[in-house]
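Quick notes on the structure that follows.
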Amino acid sequence: MNQIRPKGFYFFKRVATAIAAAFAVNALAQSEIADRPAIEEVIVTALKREQAILDTPISVSAFTGTMLERIGASQLGDFLAAAPGTSIVDSSNGDQVIAIRGISSLFGDSPVGYYLDEVPFNYIGVPLVPDVRTFDLERIEVLRGPQGTLYGASSLGGTVRILTNDPEFNEFHGKVDLTGSGTKDGGENYGAKALVNIPLVDDQLALRLVGTTEDFDGWLDEPVAGLKDVNDREIDTFRAKLRWAPTDSVELVLGAWAYRSDTGSSPSGNSEREYLGSFVPDILQPSTFDYDLFSALLTINSKYFDIVSSTSYMDSESETSGFFEVLRPADTFAQELRFNSVGEGRLSWTAGGYYRDLTTGFLFTVPPFPPTTQDTKSESWALFGELTYAFTDQLEGTIGLRQFEDTRNRDDTVVAGFDPDTFELIFATVAFEEKYSTTNPRFNLAWRPNENVLVYANAAKGFRSGFQQPGISLFIADLLGLDIGPGADPETAWSYEIGTKTQLADGRVVLEAAVYYIDWKNLQTVISVIPGALGAIINAGKAAAIGLDFSITGVPTEGLEIGLSGNINESEYKEDVFDIAGIVIADGQRIQGFPALTLTGFASYRRPIGSRGFYGVGYFSIQHTSERTLNFGSITTEGDKITQGRLRVGIESGKWGAYLFVNNLFDEDGMVTGHGFQPGFEDVATRLRPRTIGLNVRFDW
């Protein structure tokens, strides 16, 4: 007789299996001999001060520049999902959607904070973040769970920080990296990347210049016009940083960053690798995405505290053309001033203030009709602080608080009618002003029973500003005598987690794990007021996410490193949501856009060849992601399970290296996202680049 078990039983069964596996690895590691090499220590600044990652009492993953070079990564999608609890969908046109621990959304601001060095990036009303190329990065940090105290309103689910290398004093050096490859059912791809580090004044002044250019052929064919490989892409980047240290206690780093991406069309196709554009078949949708970033980071060290001032300006623009045209510019000025305590006492603290002036535009045109526009200005500020006190050598507690306010003004211009006397269109302007505010606390308790084990408990609140109703929707609703409300209220999420970071076998094995529960309220979503004619943005009520993050990394023998990481997540709505057609979202339905299971395994090997300084290297990884869902009003579609592999082998010495690589080793062509809902589009979705085989060479001097 079959026993009926509650839904949560299966989640905890998975958790128990993972914990059992961890103890098995522990037992195996403790039985190994003690003279083997340990895992390299990684230093992070996730809590706005330098700490070893294993001493940082929050869930954070770090990918160093050396690691990214070893695996041959060129973009975030190549590795970011290896951070437990992290999901990424790369559109291949310059932007991407990142979700952490089930906090996923297709509407409103991005629920994940995103920083290029100290510079925050945000769009208003669109959960997209920009692509970056991973050449010459210092590291990338992924902070999981709400980071509302130190990183603010856009960090509802977590924060991603991309940190570039600073110029180095007193050492002239550089690097050239060249890549050529071919894609199955596509064409040839090329890439050239270079950096040069130029010391200008001994111990005081240095300049670092980085440039990349990449050309990727497409692999989707347009069936009606007979066009081949329509989703090609070109990417060019340039970065310059000037570092000046006039004294031992003062340092100024000036930065400039330019990014240009041109795409023939999106990777939206069917299983036959044919391009089919969304909603309008067989019409290409070329796009561009550009941004320019300027920053100044001033650090002053004193006897009592450090002062850090971060000033930045970012100008970005994305444009899509085809049957319709979309233009989305954004300008951001941001200033943060913070103070960090110094010294080895029991009390440490961080305090500061933040100001941001963000303007975004949205222009939507269906030729030959005039455009519909939205112009939004957000002016926000915050005061924040965290205080950590060590009660004993083993136990410390942290209390953090952030007060945040955001004033948003928006003007929407819509076509309101037609004047038959003048034969001219009549335009109307709908104006909005909304103010959002929140107080976000964080509480943390960290216990170190010995130097190899850290156990922590963390409770934190996250926040995402509300979303104003589009003017065109309000105008149509007013004509029909309908009340669809002013828009969606802000979202909040309380996260509760318990985690551990443990070194085993004299540092040759590292185990990290965290169990979390997230109470998420006022999810922003879209309902259909009049099917096919009028939609509205509302709050969907309550949701919750429960999950387990884990990673195990080991060095069983010299030169060999292996690891396994993953996330088990159940994130679902806790209330029914209705539109005119009935239930749009059902109580118990999974949150769209986030997989229930992700697993990543890897093995990296490096050993000497002969006695002349040559090394043979190899890297293999395999990543599995369960299905993601996608909602279209009352219709929910589902993508495919995705399993992809990467392989890289080569030979290197201190100054050069040559590597053969295979990306998408198994030629995975499943639907990454949920598929389309129109007739004939049931097989159309975002898909991975097919198997790509190539050669990469690098030269250092």
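The values are calculated or read from the model by the stated rules, or taken from the named source; none is laboratory data. Quantities reported herein were computed from a predicted structural model and do not represent experimental measurements. Positions of Cβ are generated from backbone atoms using ideal geometry, with glycine treated the same way; all protein chains shown enter the neighbour counts. The accessibility values were calculated without ligands, DNA or RNA, using every heavy atom of the protein model including side chains. Shrake-Rupley method; radii C 1.70, N 1.55, O 1.52, S 1.80 Å.
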Model label zone, VAL250; criterion: amide N under 20 Å from point 7 Å along Cα-to-beta-carbon; scope region 186-220: 200-207
Looking at (1) 31.0, 107; (2) 44.1, 157; (3) 25.6, 92, which value of Rg and Dmax of the Cα atoms in Å comes from a calculation on the structure shown? (3)
Give a residue-ordered list of calculated ³J(HN,Hα) values for region 377-394 (Karplus: 6.51 cos²θ - 1.76 cosθ + 1.60, θ = phi - 60°; whole Hz; x for Gly, Pro). 10, 10, 10, 9, 8, 8, 10, 9, x, 9, 10, 10, 10, 8, 5, 9, 5, 9
Take the alpha carbon gyration tensor of region 544-701, find the square roots of its eigenvalues, order them as a ≥ b ≥ c, and report rounded if a/c is under 1.5; if not, report prolate when a/b exceeds b/c, else oblate. prolate
Quick one: length gained pulling LEU200 to ASP375 fully straight, 0.36 nm per residue minus the C-alpha distance? 58.6 nm
Near LYS377, which aspartates and glutamates are there with a Cα under 18 Å away, not counting those fewer than 8 places off in the same chain? ASP109, ASP315, GLU317, ASP331, ASP357, GLU405, ASP406, ASP411, ASP412, GLU433, GLU434, ASP489
Under 12 Å, Cβ to Cβ, from LEU178 - net charge with Lys/Arg +1 and Asp/Glu -1: +1
Label-zone membership for region 614-628, site LEU560, 7 angstrom Cα→C-beta point, backbone N under 18 Å: 616-622
Summarise the accessible area of region 309-407 (1.4 Å probe, protein heavy atoms) by the percent that is carbon and sulfur. 61
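Within a Cβ distance under 14 Å of ASP393, other residues only, what is the Lys/Arg minus Asp/Glu net charge? Walk me through the intermediate numbers first.
Details: positive: ARG346, ARG448; negative: ASP55, GLU344, GLU396, GLU451.
For residues surrounding ASP393, the net value is -2.
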When the dipole is taken about the Cα centre of the chain, and only Lys, Arg (+1) and Asp, Glu (-1) are charged at their Cβ, what size is it in debye, to the nearest 20? 2280
With every protein chain kept in place and ligands, DNA and RNA left out, what is the accessible area per residue of the chain? Probe 1.4 Å, answer in Å². 43
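In percent, how large is the relative contact order of region 482-575, given Cα pairs closer than 8 Å and 6 or more residues apart?
The value is 26 percent.
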Under 12 Å from the ASP478 label point (7 Å along Cα→beta-carbon), backbone N, region 366-380: none
What part of the accessible area of region 579-629, given as a whole %, is carbon or sulfur when the probe is 1.4 angstrom? 60
Suppose R0 equals 45 Å; then what is the FRET efficiency for GLU424 and ALA192 from their Cβ-Cβ distance, rounded to the nearest 0.05? 0.30
About its Cα centre, what dipole magnitude does region 146-247 give when the only charges are +1 on Lys and Arg Cβ and -1 on Asp and Glu Cβ, stated in debye to the nearest 20? 520
Identify all lysines with a Cα-Cα distance to LYS641 below 26 Å; exclude those on the same chain that are fewer than 8 residues away in sequence. LYS7, LYS13, LYS184, LYS574
What are the lysines whose alpha-carbon lies under 29 Å from the alpha-carbon of LYS241, with same-chain residues fewer than 8 places away excluded? LYS48, LYS175, LYS193, LYS303, LYS655
What number, in percent, do you get for the relative contact order of region 386-526 if the mean sequence gap of Cα pairs under 8 Å and at least 6 apart is divided by its residue count? 19
Å³ per residue enclosed by the Cα convex hull of region 443-534: 135
Gain in length, ALA390 to SER626, computed as 0.36 nm per residue apart minus the alpha-carbon separation, to one decimal in nm? 80.8 nm
Prolate/oblate/rounded label for region 132-220 (Cα gyration tensor, a/c 1.5): oblate
Helix 7-30 against the longest principal axis of the chain: what's the angle in degrees, Cα atoms only, rounded to the nearest 10? 20
Compute the FRET efficiency between GLU682 and GLN51 as 1/(1 + (r/R0)^6), taking r as their Cβ-Cβ distance and R0 = 45 Å, and round to the nearest 0.05. 0.35
Percentage relative contact order, the chain, counting C-alpha pairs under 8 Å, at least six apart: 11
At SER653 and ILE635, where each label point lies 7 Å from the Cα along Cα→Cβ, what is the point-to-point distance in nanometres? 6.1
Jot down the radius of gyration and Dmax of region 186-295, Cα atoms only, both in angstrom. 20.8, 66
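Within region 153-205, what whole-number % of the accessible surface is contributed by carbon and sulfur, with the 1.4 Å probe and all protein chains included in the calculation? Provide the component values of the computation, followed by the final result.
Working: 1090 of 2100 Å².
Carbon and sulfur together cover 52 percent of it.
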Could you give the length gained on full extension between GLU405 and THR643, defined as 0.36 nm per residue of separation minus the Cα-Cα distance, in nm? 81.4 nm
